[in-house]
Amino acid sequence: LGALQHHIESGGGKPFAVEVRYRHKNGSMVWVLCSGQVIEWDDQGKPLYVVGCHVDITQRKWAEQALEKSDKHLKMAQRIGQLGSWEFDIKAQQIIWSDEVFRMFRRDSVAGPPSYDELLQMYLPEDRIVHEQIVQDALKTGQPYDLECRGRHSDGSIFYIQAKGEPIFDHTGTMTHLV
């Protein structure tokens, strides 16, 4: 009732849509998207007619729950195995890190993943050169890579990383990502 009330109080300016659970007549629970809008108001601004629809979104909600569970399991497996995952969007030049990679690099996830140049600065200078060459070769050849690098945490301690990368290609054969 809150979503409809907000819709009415906004004079129809705020959309009315809410996901709710209902008990089906057979006893099962179903998820329903309830949406609508006031189509006629009286002279005092009170609603006269509301039209809307109910859409069964149970399958979507089950899929969302399964995806959320899978994501939790993946994060737990990465934490337990001390194995992180990353993605580099070639066109956007953007890096995406899993929670475990943030932990490995001791970088606050609130800061977000580094730019590629910032990432290179996290490695020791001699390993930075090797990392850059191997990644550039992978970008040119479309071949996977496997390398070991040393980095330095902000407290000065050195850490070791084994970095593996595989290219992802779109339907035209153009490399779009390294993962």
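The values are calculated or read from the model by the stated rules, or taken from the named source; none is laboratory data. A quick note: this is a predicted structure, and the numbers were derived from the prediction, not measured. Note that we place each Cβ from the backbone using ideal geometry, even for glycine, and neighbour counts take in every protein chain shown. Surface accessibility is based on the protein's heavy atoms, side chains included, excluding ligands, DNA and RNA. Shrake-Rupley method; radii C 1.70, N 1.55, O 1.52, S 1.80 Å.
Numerical summary
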quantity	calculated
Accessible solvent surface per residue of the stretch 7-53, calculated while the other protein chains remain in place, 1.4 angstrom probe, Å²	73
Degrees between helix 58-81 axis and first principal axis of the chain (Cα, 0 to 90, nearest 10)	30
Cα-based helix-to-principal-axis angle, 125-141 vs the chain, degrees rounded to 10	60
Restricting the stretch 23-75 to trypsin sites (Lys or Arg not before Pro) in coil, as DSSP defines it, with at most 10 other Cβ within 10 Å	25
Protein accessible area in the stretch 136-179, 1.4 Å probe - carbon and sulfur %	49
FRET efficiency, 1/(1 + (r/R0)^6) with R0 41 Å, evaluated for residue 48 and residue 69 via beta carbons	0.35
Residue-normalised accessible area of the stretch 57-179, expressed per residue, 1.4 Å probe, Å²	67
Solvent-accessible surface ranking, highest first, for 54, 6, 24 at 1.4 angstrom	54, 6, 24
Estimated distance in nm for a label pair at residue 175 and residue 28, the labels positioned 7 Å out from Cα along Cα-to-Cβ	4.8
